[in-house]
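To start, the structure under review is shown below, and the notes come after it.
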Amino acid sequence: MLFCVAPREWRFFAFFIEDFVVSAHAPFVSRHIGPSPAEQEKMLKLLGFSRLDDFVDAVVPQDIRRKEMRLPAPLSEREALAALQKIANKNQVFRSLIGQGYYGTVVPPVILRNVLENPAWYTSYTPYQPEISQGRLEALLNFQTMVCDLTGMEIANASLLDEATAAAEAMMLARRQSKAKSNVFLVDQRVHPQTIDVLLTRAGYQDIEIAVVDCKNELPQTEYFGVLVQYPDTHGHVADYRGLAEIAHANGAVLVVATDLLALTILTPPGEWNADIVVGNAQRFGVPLGFGGPHAAFMATRDSFKRAMPGRLVGISVDSHGKPAYRLALQTREQHIRREKATSNVCTAQALLAIMAGCYAVWHGAEGLREIGVRVHRLATQLALTLEKHHFKFTYENFFDTLHIDVGSRADLIMQRALDAGYNLRRIDASSIGVSLDELSSEAEVKLLVAIFTGRNEEIPLEKPQAMLPAFAVRSSQYLDHPVFKEHRSETEMMRYLRKLSDWDLALDRTMIPLGSCTMKLNAASEMMPVTWRQFSDIHPFAPLEQAEGYREMFDELEAMLAEATGYDAVSLQPNSGAQGEYAGLLAIRAYHESRGDSQRNICLIPQSAHGTNPASAALAGMEVVIVACDEDGDIDIADLVLKAEEHADRLAAIMVTYPSTHGIFERNIRELCAIIHGYGGQVYLDGANFNAQVGLAAPGHYGSDVSHLNLHKTFAIPHGGGGPGVGPIAVKEHLKPFLPGHSVVPLEHRGGLAVSAAPWGSALVDVIPWMYLRMMGADGLKKASQVAILNANYIAARLKGAYDVLYSDADGHVAHECIIDVRPYKDSAGVSVDDIAKRLMDYGFHAPTMSFPVPGTLMIEPTESETLAELDRFCDAMLAIREEIRRIENGEWTHEDNPLVNAPHTLADLTGDWNRGYDRKTAVFPLDGMNPGKYLTPVNRIDNAYGDRHLICTCPSPIDWEPPKA
Ligand SMILES: *Cc1c(COP(=O)(O)O)cnc(C)c1O
């Protein structure tokens, strides 16, 4: 038969095959990098170069260029997924009833698919531009409302990093709010041990003394400024803390309670017995265990603490038409403004996970949550009563879901029987075992547990469930009364609700997000897929390490690849944000100095232009911040640096320097700078947030730096999730290795430093994303990505030059991977502010660049390597068109009060209402020819921030009661 095929058709067939083969093997790097080789050539031409290598040689200083990176050869998407699947298979998914802050949960499929696996949700940025973020802001407001209702508190923030850091933040807040003079913070001995660890770390350099005591009996007679108890405690006991609250308050101290949201569906909430601050982890509201994270922690407080509360806070304000709209409230509290006076260094938090937990409450509603809580409690009582009948003793009578069981000398035997049955229990001490039931538990499971404990094979009938809560602990108050928690019981409604919210938002799935310093690059689907593999998602962080072989292998490989990429010797993946990495790195520096008898070294030099987290982290590490000036080119003033280093020579601990600089420049003297600091006995902390300009080109560990954090959620493709998750690993030189963060529950080899996160490997689950990214890109691909990132930024700078001033460039007129454009002159010439331009970009379908950082009144643009030439041009065209619009105001054609910039963004309501503007409707919403007819419209007009801060509302308003108060 084959011979019958005519030669012509054969050729066609062969051509088809070849084509198919080529596309099936198109390397991932060509999918990740936006501009094609032909497009790159075109862009290079505009910049006066013909070869990418020559161009990059002109931009990146020769004296820091690295030799070849040695990384494993790149894999295709399919190959990488197969390789990671093999690693994943080395994890063993046991059923973990360990508890201790982490519990089994059902991720509702409607949330799994429509939120966690949906780029409209996971690729969005922190909602600093509220008009294009109404969807995620509403979802976060739902989370805040849920936390307030369940804890019985007045105000809650939009997530913190994990329960342990939330407790540390609560301790600091208590210190600020307490009237007591003391520096002692009492911690009940039955708080989760990983929380106590992180408290000890934080207290260390804050002149706080932690006293771990037994709060169930009597509080010490000494003075103290705060008390932390866990409710139910780490062993499951539900204690009555009303007396304790009174005593604490009588002493002027603040009562902090760590709690569990599912327990609060049936337990009297801490807010009803006078707690001042309530913290916890929302993981068991539909967020996978993920070997420890990412999960959303929460903090709720009294209303009077709100201005001192750390973290982001979503509130309601009004837009320019007086309609209610969401936005981030009280932003002046945040680290980017308060710097070393900030109350916390938390920047990236856990938005995506908070959104998931809030959606879990929307999906189940009060009855659904209560039903889950009641079921778990009933099963726990059945287990307790049945075991009691078989002569097991209980240390505590009152419990919700966790039993502390005295097993005498049978502990080893029972633990082994549990393992044989595929179960992990908590070994508390020689003679006691903890069991925490959860949403996944069933009667069959309870029967199995009875068999494990009794060792009897025949089926033992379960005792009848009983309500076993004492009167003080029985919750009578309602919660989740708002319609949003009632109207989404059918999956159709829930799916449409989630779609409606994400449609309100502008994420990377619709447009480039040209945020300077934040590297919003492609988060490839193949990188995301392993996040929901159960061999990664269903592992408890304190499961026996033998069950996590796959995780260990993945971490080892990721750490090795990151060490090679940065030129350092060791990496810790524990910090769960960039700022936590800064903190961990500075702690390592302090510990290093102390190990050499230099404990007086506590001065940290920080350039003027630094990111706000730098001084905030230094302050948390107990360092004194000394600012180094920048010259008029925006570079660090070396003379001033020497002056300050000299002045503080004996006490110099470190410099924190961002490279390339926050001004988007490869400063020429970074080697010299490192040498100067070392000359005075200091250490160099190189902030690696801008590492996207360097991977494969230069390695901080080679040119003199001692430690860096990386933002895996910037450079290494973890999505931003609307403000988290993040991973901020630190990479260090050999001499700092002994001081990398350790962990007390899970011993980490050769890591002698203090713990900075609740879980040993922080946000372990999302580490699969950078692993995939690195394995698919390979050394050459990564280098190419950095080169194209620099090319894209310079292309934008070149295209905008003439229309706008590019504020900083190097001697040859080049920028690094981002550029700052100066729009300050238009304030005088046309009454146009940086805000007006940012909002006007929304009408053109864009997310605004970073505003007013590091220079007030400017825009910082970072396109990343993932954007194609067409998208860069679309953005440049929009920016140039806006410049022309400004000119029309300058010319007097439009007034300062009535023009498309000050009225931006425009909504459908504008278009369909009365139109009496000095420009037409087309100019308002289709200012450029050829704009996508399916263009994005913001659901609200410009939002009034000041108004919202004056009338602070941070929970879902009742739709009937709420109308904007009169200003
Ligand atoms: C993003 C960023 C940080 C902080 O990282 P987070 O993950 O948000 O805590 C620090 N420094 C610079 C320069 C950054 O851009």
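The values are calculated or read from the model by the stated rules, or taken from the named source; none is laboratory data. Nothing here was measured: the structure is a model prediction, and the numbers come from that model. Cβ sites come from the backbone with ideal geometry, for glycine too, and all protein chains shown count toward neighbours.
Overview of results
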read-out	value
Filtered residues of segment 214-246 (kept if modelled with pLDDT of 95 or more and β-branched (Val, Ile, Thr))	Val227, Val229, Thr234, Val238
Selection count, segment 485-505, where residues are in contact (Cβ under 8 Å) with a residue 60 or more places away in the chain, surrounded by fewer than 21 Cβ atoms within 10 Å (Cβ to Cβ) and part of a loop (DSSP other than H, G, I, E, B)	2
Selection from segment 560-570 of residues that are within 16 Å of the ligand (Cβ to nearest atom) and not β-branched (Val, Ile, Thr)	Leu562
Criterion violated by Leu573 - all others in (1) within 16 Å of the ligand (Cβ to nearest atom); (2) surrounded by fewer than 24 Cβ atoms within 10 Å (Cβ to Cβ) satisfied	(2)
Helices (runs of 4 or more DSSP H) (entirely within segment 1-119) containing at least 3 residues that are at pLDDT 95 or above and of a type in the set (Val, Ile, Thr)	none
Filter pass, His321 being over 19 Å from the mean Cα position of the chain (by Cα) and either closer than 25 Å to Arg95 by Cα or not small (Gly, Ala, Ser) (or both)	yes
Scope segment 109-122; condition surrounded by fewer than 21 Cβ atoms within 10 Å (Cβ to Cβ) and touching a residue at least 12 places away in the same chain (Cβ under 8 Å); matching residues	Val110, Leu112, Glu117, Asn118, Pro119
Hey, Gly918 at pLDDT 95 or above, over 27 Å from Asp873 (Cα atoms), of a type outside the set (D, E, K, R) and surrounded by 11 or more Cβ atoms within 10 Å (Cβ to Cβ) or not	yes
Breaking point among (1) farther than 21 Å from Gly742 by Cβ; (2) modelled with pLDDT of 95 or more; (3) within 11 Å of the ligand (Cβ to nearest atom), for Ser609	(2)
In segment 797-851, the residues that are surrounded by fewer than 18 Cβ atoms within 10 Å (Cβ to Cβ) and closer than 18 Å to Phe875 by Cβ	Lys801, Gly802, Ala803, Asp805, Asp822
Tabulated pairs, segment 141-153, first in contact (Cβ under 8 Å) with a residue 24 or more places away in the chain and small (Gly, Ala, Ser), second surrounded by fewer than 24 Cβ atoms within 10 Å (Cβ to Cβ) and assigned to a helix (DSSP H, G or I), C-beta under 9 angstrom, 6+ apart or interchain	Gly152/Gly271; Gly152/Glu272; Gly152/Trp273
Set Pro741, Pro700, Pro729: member being in contact with a strand residue (DSSP E or B) (Cβ under 7 Å, 6 or more places away or on another chain) and within 13 Å of the ligand (Cβ to nearest atom)	Pro729
Within segment 706-752, considering residues that are of a type in the set (Asp, Glu) and touching a Phe, Trp or Tyr at 6+ places or on another chain (Cβ under 9 Å), the one farthest from Val695 (Cα to Cα)	Glu734
Residue within segment 668-689 that is away from the ligand (no atom under 16 Å from the Cβ), more than 23 Å from Ala565 (Cα to Cα), buried (at least 22 other Cβ atoms within 10 Å of the Cβ) and not β-branched (Val, Ile, Thr) present	yes
Complete set of residues in segment 744-784 that are within 16 Å of the ligand (Cβ to nearest atom), in contact with a helix residue (DSSP H, G or I) (Cβ under 6 Å, 6 or more places away or on another chain) and outside any helix (DSSP H, G or I)	Val756
Residue match in segment 310-328 (condition: among the hydroxyl-bearing types (Ser, Thr, Tyr), in a helix (DSSP H, G or I) and crowded, with 24+ Cβ neighbours inside 10 Å)	no
Pairs, first closer than 20 Å to Asp650 by Cα in segment 598-614, second of a type outside the set (A, V, I, L, M) and near the ligand (Cβ under 8 Å from one of its atoms), C-beta under 7 Å, six or more apart	Ile606/Asn614
Only listed residue being within 16 Å of the ligand (Cβ to nearest atom), at pLDDT below 95 and buried (at least 22 other Cβ atoms within 10 Å of the Cβ), chosen from Gly585, Gly516	Gly516
Members of segment 326-367 that are of a type in the set (S, T, N, Q), within 16 Å of the ligand (Cβ to nearest atom) and either over 18 Å from Leu161 (Cα atoms) or out of contact with any strand residue (DSSP E or B) (no Cβ under 9 Å at 6 or more places or on another chain) (or both)	Gln331, Gln335, Thr343, Asn345, Thr348
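One line per residue, one yes/no per condition, for (1) over 12 Å from Ala275 (Cα atoms); (2) surrounded by fewer than 21 Cβ atoms within 10 Å (Cβ to Cβ); (3) in contact with a helix residue (DSSP H, G or I) (Cβ under 8 Å, 6 or more places away or on another chain):
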position	(1), (2), (3)
Asp214	yes, yes, no
Leu244	no, no, no
Ala250	yes, yes, no
Val257	no, no, yes
